[in-house]
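Chemist: Got a structure here, written out as structure tokens. Questions coming.
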Amino acid sequence: MTDVALMTYCYSLTRDFDWQLKSDWQVPDTPFMSFAFWQALSDSGAIGEEAGWLLIFVEVHQSQAPELPVAVMPVFIKGHHRGEFVFDHAWAEAYARYGVDYYPRLVTSVPFTPITGQRLWLTAGTELTADILAAALSGVENIAAQVNASSWHGLFVTEQLAMCAQRLNSSEHAAEHHPKDHLGHDVKFNSAINSKLPLTFLPQLFERQGCQFLWQNQNLMNDSKPFANFDEFLMTLTAKRRRTIRSERKKVAKQNIRCELKTGTEITAADWSAFYQCYVMTYAVRGQEPYLNADFFTQLGRTMSEHLMLAQALDDTGAIIASSLFVYDEPNSLNSTLYGRYWGALDDYDSLHFELCYYQGIEFAIEKGLDYFDPGTQGEHKLIRGFVPTVTHSLHRIYDPRFAPAIGDFCQRDIEHMRHYRQQAHEALPFNADNMPTFKG
């Protein structure tokens with residue numbers, strides 16, 4: 001890519017959602033980047049200034065058509081770390097020890113959602129490139145300069161976006177594509193403070209890698225075909241692990257608990273009410289307030305019901321005692337995935353969490369022909385139930401040159417540490433030898 005290509009991009013900043021009406025947008029790679037999901041976050045008050053998630057949009061334009069954005073990146077101004085799942089508390093503590101403010105900080109993520117996916121909305125026919133990312137990050141630098149932010153954090157980004165960041169970090173790309181004034185600026189965020197600021201983006205993005213556990217709908221003993229049923233999946237596991245899973249499922253049945261699954265418009269107002277009671281209990285047992293309120297979930301039920309599955313556990317009286325809400329892609333889409341997101345129970349029941357959050361999800365993914373099942377972040381208990389360790393990526397920009405070298409060194413060492421952890425986790429997978437997936441780092 002040449003310098004000329006880079007000069008075709010400029011950016012603007014806005015707090016309005018009006019940009020959605022300006023272009024024809026691609027269907028996002030997960031439902032969590034759908035406009036309906038973000039509208040529910042906004043309308044319910046889960047994000048916004050009062051919630052501590054002040055949202056700015058960076059619009060990337062081609063200079064030949066500055067009124068039409070080709071990409072948009074969300075950026076939150078935050079004074080806390082809640083709802084992020086990539087932890088930088090130690091960095092904040094280091095700043096505090098030296099009497100330096102770590103807040104505010106900037107974050108690009110799907111709030112409360114540790115799901116890997118796109119972090120820019122792209123118009124139809126547009127492919128994410130390093131130059132588009134550079135334009136978006138120039139907008140981030142602009143915001144950081146205005147609010148005196150310590151850092152920017154792009155969480156659970158795709159491998160493609162991480163590779164674009166690597167290209168920006170390369171000396172060759174920096175030399176060829178980052179002379180000043182290659183990007184124009186049409187700033188709407190705070191024009192009184194910021195008027196035609198020069199390009200300030202410098203290629204110094206640090207990457208961190210993590211580990212999540214992903215169930216794969218592939219029977220390696222049968223030419224990697226999707227599983228026909230849950231029992232066929234069990235047969236790919238060691239005999240010991242098969243016995244354990246069957247025992248856990250029997251324990252649920254012995255408590256006179258049965259499970260029901262509802263999708264889309266089958267989920268009633270009464271179901272949403274019962275679900276929310278269960279969801280609140282997940283936080284109440286830890287003395288916390290839930291991230292999301294009832295209005296958020298009922299709005300999802302109205303606006304994106306085609307992506308929702310609700311698993312319910314009922315006692316012998318028919319009362320709902322636990323619920324688990326899943327989100328899923330279109331079954332025929334590329335890398336279609338079931339996402340386990342929100343769970344709660346009114347009391348403690350033996351093995352019910354495993355049944356409602358994992359085994360019911362696996363059965364549903366098999367039935368729908370979904371390629372993967374992402375049960376959520378953390379938890380080695382997922383590993384021993386057939387969820388494969390996979391790499392996650394996050395990007396970090398530290399603006400204070402006094403702290404950047406130490407944090408960069410930490411990130412580099414942490415990548416190797418996490419690679420070693422994923423390898424150890426892979427070796428602990430409960431699959432028999434004929435169905436052991438290949439370690440992909």
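All of the numbers you see were taken from the coordinates with simple rules; none came from a lab. It should be emphasised that the depicted structure is a prediction, and the values quoted were computed from it without experimental measurement. Glycine gets a Cβ as well: all are built from the backbone with ideal geometry, and neighbour counts include every protein chain shown.
Chemist: How do 413-419, 100-106, 48-54, 62-68 rank on mean C-beta neighbours within 10 Å, highest first?
Modeler: Working: 413-419: 13.9, 100-106: 18.9, 48-54: 15.4, 62-68: 11.7.
Per-residue Cβ counts within 10 Å, averaged per peptide and sorted highest first, yield 100-106, 48-54, 413-419, 62-68.
Chemist: Also: Whole-Hz Karplus ³J(HN,Hα) for the range 137-143, in order, using 6.51 cos²θ - 1.76 cosθ + 1.60 and θ = phi - 60°, x for Gly and Pro?
Modeler: Along the range 137-143, the couplings run 6, 5, x, 4, 4, 4, 4 Hz.
Chemist: Testing the spin-label approximation: label points 7 Å from Cα along Cα→Cβ at LYS250 and ALA270. State their distance in nm.
Modeler: Distance between label points: 3.4 nm.
Chemist: Would you mind classifying the range 358-433 by shape? Square roots of the alpha carbon gyration tensor eigenvalues, ordered a ≥ b ≥ c; an a/c under 1.5 is rounded, otherwise it is prolate if a/b is larger than b/c and oblate if not.
Modeler: Prolate, since a/c reaches 1.5 and a/b exceeds b/c.
Chemist: I've got another one for you. What is the helix-to-structure angle for 294-303, meaning the angle in degrees between its Cα long axis and the longest Cα principal axis of the chain, kept from 0 to 90 and rounded to the nearest 10?
Modeler: 90 degrees
Chemist: Just to verify a number: FRET efficiency for ASP43 and TYR421, C-beta to C-beta distance, R0 = 41 Å, to 0.05?
Modeler: Values: r = 39 Å, r/R0 = 0.96.
Efficiency, rounded to the nearest 0.05: 0.55.
Chemist: Sticking with this one: Subtracting the Cα-Cα distance from 0.36 nm times the residue separation, let me have the gained length for LYS440 to MET221 in nm, one decimal.
Modeler: Here the answer is 76.9 nm.
Chemist: Report the full-extension gain for the segment GLU289 to PHE410: residue separation times 0.36 nm, less the Cα-Cα distance, to one decimal in nm.
Modeler: 40.3 nm
Chemist: Could you tally the net charge around GLN412, taking each other residue with its Cβ under 12 Å from the Cβ of GLN412, Lys/Arg +1 and Asp/Glu -1?
Modeler: Once all neighbours under 12 Å are counted, the net charge is -1.
Chemist: Lysine pairs in the chain 8 or more apart or on different chains: how many have alpha carbons under 22 angstrom apart?
Modeler: Summing the qualifying lysine pairs gives 16.
Chemist: Dipole magnitude of the chain about its Cα centre, charges +1 at Lys/Arg Cβ and -1 at Asp/Glu Cβ only, in debye to the nearest 20?
Modeler: For this selection, approximately 1040 debye.
Chemist: Find how many whole Å separate the alpha carbon centroid of the range 364-434 from the alpha carbon centroid of the range 96-163.
Modeler: 20 Å
Chemist: Report the Cα centroid-to-centroid distance between the range 233-258 and the range 63-94 in angstrom, as an integer.
Modeler: The two parts, judged by their Cα centres, are 42 Å apart.
Chemist: Among (i) 21.2, 67; (ii) 23.0, 70; (iii) 21.7, 74, which one is Rg and Dmax of the Cα atoms in Å computed from these coordinates?
Modeler: Answer label, from the structure shown: (ii).
Chemist: Let me ask something additional. State the extension gain, in nm to one decimal, for the chain segment bounded by LEU214 and HIS80, taking 0.36 nm per residue of separation less the distance between their alpha-carbons.
Modeler: 45.4 nm
Chemist: Tally Lys and Arg at +1 and Asp and Glu at -1 over the other residues with C-beta under 12 Å from the C-beta of LEU237: what net charge comes out?
Modeler: On the way: positive: LYS240, ARG241, ARG242, ARG243, ARG246, ARG385; negative: ASP231, GLU232, ASP434.
In short, +3.
Chemist: Taking Cα atoms, how many degrees apart are the long axis of helix 159-169 and the longest axis of the chain, rounded to 10 and kept between 0 and 90?
Modeler: 30 degrees
Chemist: Tell me the mean residue ellipticity at 222 nm calculated for the chain from its helices only (DSSP H runs of n ≥ 4, each -39500 (n - 2.57), averaged over every residue, nearest 500).
Modeler: -9500 deg cm²/dmol
Chemist: Can you compute 3J(HN,Hα) from phi for each residue in the range 308-316, using the Karplus curve 6.51 cos²θ - 1.76 cosθ + 1.60 with θ = phi - 60°, rounded to whole Hz and x for Gly and Pro?
Modeler: 10, 9, 10, 9, 10, 10, 10, 7, 6
Chemist: Right, next: So for the chain: antiparallel DSSP bridges make up what percent, rounded to the nearest 5?
Modeler: 85 percent
Chemist: If you plug each phi of the range 420-437 into the Karplus form 6.51 cos²θ - 1.76 cosθ + 1.60 with θ = phi - 60°, what whole-Hz ³J(HN,Hα) values come out, in order, with x for Gly and Pro?
Modeler: Computed from phi, the couplings for the range 420-437 are 5, 4, 4, 5, 4, 5, 4, 5, 8, 4, x, 6, 6, 4, 6, 10, 6, x Hz.
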